[in-house]
Amino acid sequence: MSTLFIFLPDGSFSQRESKDLASDVARAVNQGLWERYLPFPESDTQAWRAIQLDQRVLIFNPIPNEILDTPKLKVRELQSLQLLSSGHSIAQIAWTMHIQVRTVSAHLARLRRKLNARTTFELIALAVKSGLVDPQYPD
């Protein structure tokens, strides 16, 4: 079972559950077989991309949209966000950046406010969708 976070062309956000494995969903969407997972029919003018994060899948239109205004981020905020999107815990981020756990938490809280995200995962989803970060998992 996996959770799908779908960013629709109008800028809205949808969350769905799927019985398929996250890796299967991501592979299918990236191969152009997205009609099973998206809430509307396939379109000739729409392309979709999926990124797997654990048992979650971000599905979005890779064409940049002007709906999401990306605020200016501080370097340390962006570093925290990149590490978080790559699967690091807050404690691992603090250790890697040589800062306190509460400082990382403060960075993430500011980022959630700046990107209007209610949860940490929504923060990651918005950051990936807007191109701020590209999740890379260590081998």
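Here are a few things to note about the model shown:
- Residues being surrounded by 15 or more Cβ atoms within 10 Å (Cβ to Cβ), under 17 Å from residue 39 (Cβ atoms) and not polar (S, T, N, Q) - total across region 17-26: 2
- Selection count where residues are at pLDDT 65 or above and surrounded by fewer than 20 Cβ atoms within 10 Å (Cβ to Cβ), scope region 51-66: 5
- Conditions (1) in contact with a Pro (Cβ under 7 Å, 6 or more places away or on another chain); (2) at pLDDT below 75; (3) not hydrophobic (A, V, I, L, M, F, W, C): number failed by residue 35: (2)
- Any pair with Cβ under 6 angstrom, 6 or more apart, that starts in region 73-88 at a residue that is assigned by TED's automatic domain parsing to the domain that holds residue 111 and under 14 Å from residue 125 (Cα atoms) and ends at one that is of a type in the set (A, V, I, L, M) and not in a helix (DSSP H, G or I): 81/133; 82/133; 85/133
Conditions tested, residue by residue: (1) modelled with pLDDT under 95; (2) acidic (Asp, Glu); (3) under 25 Å from residue 49 (Cβ atoms).
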{"site": "80", "(1), (2), (3)": "yes, no, yes"}
{"site": "83", "(1), (2), (3)": "yes, no, yes"}
{"site": "86", "(1), (2), (3)": "yes, no, yes"}
{"site": "93", "(1), (2), (3)": "yes, no, no"}
{"site": "96", "(1), (2), (3)": "yes, no, no"}
{"site": "101", "(1), (2), (3)": "no, no, no"}
{"site": "116", "(1), (2), (3)": "yes, no, yes"}
{"site": "121", "(1), (2), (3)": "yes, no, yes"}
{"site": "130", "(1), (2), (3)": "yes, no, yes"}
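- Region 74-139 holds helices (runs of 4 or more DSSP H) entirely within its bounds, and those carrying 2 or more residues that are surrounded by 18 or more Cβ atoms within 10 Å (Cβ to Cβ) and in contact with a strand residue (DSSP E or B) (Cβ under 8 Å, 6 or more places away or on another chain) map to 120-129.
The values are calculated or read from the model by the stated rules, or taken from the named source; none is laboratory data. Computed from a predicted structure; not experimentally measured. For neighbour counting, all protein chains shown are included, and Cβ atoms are generated from backbone atoms with ideal geometry for every residue, glycine included.
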